[in-house]
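Computed from the coordinates by the stated procedures, all read-outs in this text should not be read as laboratory data. Since the model is a prediction, treat every value here as computed from it, not as a measurement. So basically every Cβ, Gly included, is an ideal-geometry build from the backbone, and we count neighbours across all protein chains shown.
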Amino acid sequence: MSFNNSLPIWVEKGYSTLWDQYKNEGFRLDDAVKILGEVEHDTPEKVPVLLSRLRKAGRLTVTSDAMDARKKIYQLISKDSLVTEIFDINNSTLTRSDLEALLKRAADIIRTRVDYKFILLPLFLKRISDKWELEYEAAKEEALHDGYTEQEAQAEAKRAMYHDFDLPEEYLWDNLRAEVIKLPEIFSKALKEIAERNPELRDVLDTVDFIEFAKSQENGEILRQLVELFSEKKLHHVSPDVLGDAYEWILRYFAPQKAKEGEVYTPREVIRLLIEVLDPKPGESVYDPASASNGMLIASYTHVREQFGPDAVTQIFLYGQEANAKTLAYGRMNMYIHDIRNVQLAYGDTLLYPKFKDGEAIRQFDVVVANPPWNQDMYDENQLKKGEFWKQRFSYGFPNRQSADWAWIQHMLASAKDGNGRVGVVMDNGCLFRGGKEKAIRQQILEADLLECIVLTPEKLFYNTGAPGALLFFGKNKRSDHRGKVLIINAALEFGKHPDVRKLNIITDKNIERIVGVANSWEEIEGFSKVVPLAEIEKNDFNLNVTLYVSPQKDVEEVDIPATWAAIKDVEKELRTVDEQIAGHLKEIGYVGGN
């Protein structure tokens with residue numbers, strides 16, 4: 001049975017009213033209509049809907065009335081029973097640590113010999129297969145309650161309408177792994193048919209050719225071991241959050257290796273910091289023009305759910321574009337793993353061909369957030385003018401050929417709504433103070449009073465560079481008391497040591513809380529934050545180098561002056577004693593000092 005603890009308030013209230021009246025005793029529809037009408041003022045038409053919601057959520061059982069088979073007897077399931085069922089160890093619920101342990105073993109199997117996609121894709125297939133089985137059992141039970149025979153209920157439960165994805169039974173996980181010798185052929189055939197039945201999965205499933213992969217006997221053995229490893233546990237009851245964290249764990253675990261190949265993984269604490277400052281809300285749209293694994297969009301979704309409740313996520317609208325087809329596929333898979341479906345993802349070069357449009361203009365969003373490639377070359381004026389909407393997007397000028405940082409920032413500003421549009425971007429620290437064309441663009445954006453806040457990050461935070469980054473926040477409609485000013489935060493010392501990678505740092509929860517608090521309050525703290533008037537920035541020739549305005553105050557050890565003076569006197573006394581001893585020895589050997 002499928003249990004759901006997140007129900008609308010009116011359903012929860014109806015459940016509580018019925019429980020107060022009947023506890024575990026059976027009742028009929030007429031009984032429910034009477035009590036809910038008296039207490040909750042529900043109409044007779046609303047009661048069957050409520051009972052149906054409770055049954056589908058696993059809060060209610062339905063049996064035929066022994067006195068009249070045409071009628072039903074309803075019986076509530078207590079919340080204590082629900083909690084016991086949900087958390088019972090026998091239902092194979094996996095924790096984060098369980099999954100991480102499983103994935104560490106998978107990482108040991110592939111080591112650096114093959115790409116991590118050979119972990120991601122089997123994990124994804126295992127998840128959608130196990131979920132299909134859970135959906136099948138729920139649909140079959142519902143059909144039996146509706147009067148179907150066992151055989152009819154089984155056939156009904158296999159229909160695609162009851163499942164997130166259309167999977168043929170022969171390609172469910174246990175059937176896929178049945179013939180070990182033919183694993184590569186079976187997997188390849190399964191991926192092809194699943195992609196045909198589910199076109200939205202095509203780019204996800206086309207990332208791997210198992211037949212080509214398994215031509216090497218060693219790779220064939222790796223595939224066999226991975227399949228057997230993932231077969232140890234069912235992923236039925238794993239929440240999307242836990243499974244999503246497991247997916248993120250894989251990306252993070254292999255990030256140092258992938259950084260050498262040019263892939264960029266944004267530390268999740270950096271993303272969290274960005275999203276907490278930008279604070280997306282229900283009813284708003286969030287756009288990432290360099291979406292990669294979709295960490296920014298997933299964090300926005302999670303933020304709305306945590307701040308406004310599970311029902312609010314249906315009112316957050318997510319958009320992303322990515323230029324690397326393989327990375328886009330991984331990002332799409334990440335969304336499915338997190339069970340996030342209300343998202344639009346597009347493939348293409350954002351700086352030249354933005355895919356989200358409104359008629360003859362680019363679409364605008366409430367929140368625009370990204371960690372685009374730093375110092376991307378080849379996007380000078382000649383190149384950018386070949387793209388779409390260049391007049392609308394690059395109105396402050398064109399960068400030089402060596403770095404597209406301020407082209408990305410301009411695209412993001414143009415993509416933010418004129419009213420409450422907010423922009424947050426992770427950039428190379430050098431974009432704050434480099435001269436030439438970049439300085440000219442920076443000056444115009446400052447003069448337009450669009451920059452709200454700068455946060456200098458610690459060093460050794462990113463997997464692909466030891467250099468510090470800069471988080472830049474822009475607003476299309478700054479508060480009146482923020483106008484003509486920029487908040488500058490020097491968070492260079494706000495870090496802890498990375499738990500897994502010796503040479504890296506992380507931004508801790510405590511660090512995030514401090515930075516976000518100051519970013520929201522605009523509090524000035526000596527050595528940490530300062531509200532800088534634009535006039536002062538202009539005097540510095542529009543140089544935004546954070547250390548020009550805020551230098552961290554390192555802790556200075558207090559000196560005990562009396563104790564230190566006494567120690568110095570003791571040392572001087574010892575030196576005099578040594579001098580006298582040396583003079584005595586020299587006299588004994590007949591040495592007479594002089595110039």
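Annotations
- Spin-label model distance (nm) - ALA566 vs GLU447, 7 Å beyond Cα toward Cβ: 6.5
- Antiparallel bridges, percent of DSSP beta bridges restricted to the chain (to nearest 5): 60
- Three-way shape label, the range 332-489, alpha-carbon gyration tensor, a/c 1.5: rounded
- Over the chain, relative contact order from alpha-carbon pairs under 8 Å, at least 6 apart, %: 8
- Taking other C-beta atoms within 10 Å as the exposure proxy, ARG576, ARG252 rank ARG576, ARG252 from fewest upward.
- HN-Hα J in Hz across the range 303-311 - Karplus 6.51, -1.76, 1.60, θ = phi - 60°, x for Gly and Pro: 4, 5, 5, 6, 7, 10, x, x, 6
- Coupling constants for the range 503-519 follow from the phi torsions by the Karplus curve (6.51 cos²θ - 1.76 cosθ + 1.60, θ = phi - 60°), and in residue order they are 8, 10, 10, 9, 8, 7, 4, 5, 4, 4, 4, 5, 5, 5, x, 6, 4 Hz; glycine and proline get x.
- Likely footprinting exposure, PHE124, PHE389, fewest C-beta neighbours within 10 Å first: PHE389, PHE124
- Antiparallel DSSP beta bridges within the range 250-403, percent to nearest 5: 15
- Amide proton proximity set for LYS72, modelled H, under 5 Å, gap of 5+: LEU29, ASP65
- Phi-based couplings in Hz for the range 418-430 (Karplus 6.51, -1.76, 1.60; Gly and Pro marked x): 5, x, 10, x, 10, 10, x, 9, 9, 9, 4, 3, x
- Taking the square roots of five times each eigenvalue of the Cα gyration tensor of the range 259-342, the equivalent ellipsoid has semi-axes of 22, 14, 10 Å, listed largest first.
- Ranked list, fewest to most other Cβ atoms within 10 Å of each Cβ, for THR43, THR302: THR43, THR302
- For the cross-link pairs LYS126/LYS189; LYS258/LYS510; LYS258/LYS503; LYS234/LYS326; LYS478/LYS530, the ones whose C-alpha atoms lie over 23 Å apart are LYS258/LYS510; LYS234/LYS326.
- Annotation note: GluC sites (Glu not before Pro) in the range 148-227 located in DSSP loop regions with a Cβ neighbour count of at most 10 within 10 Å are GLU179.
- Size descriptors for the chain: radius of gyration and Dmax over Cα atoms are 31.6, 129 Å.
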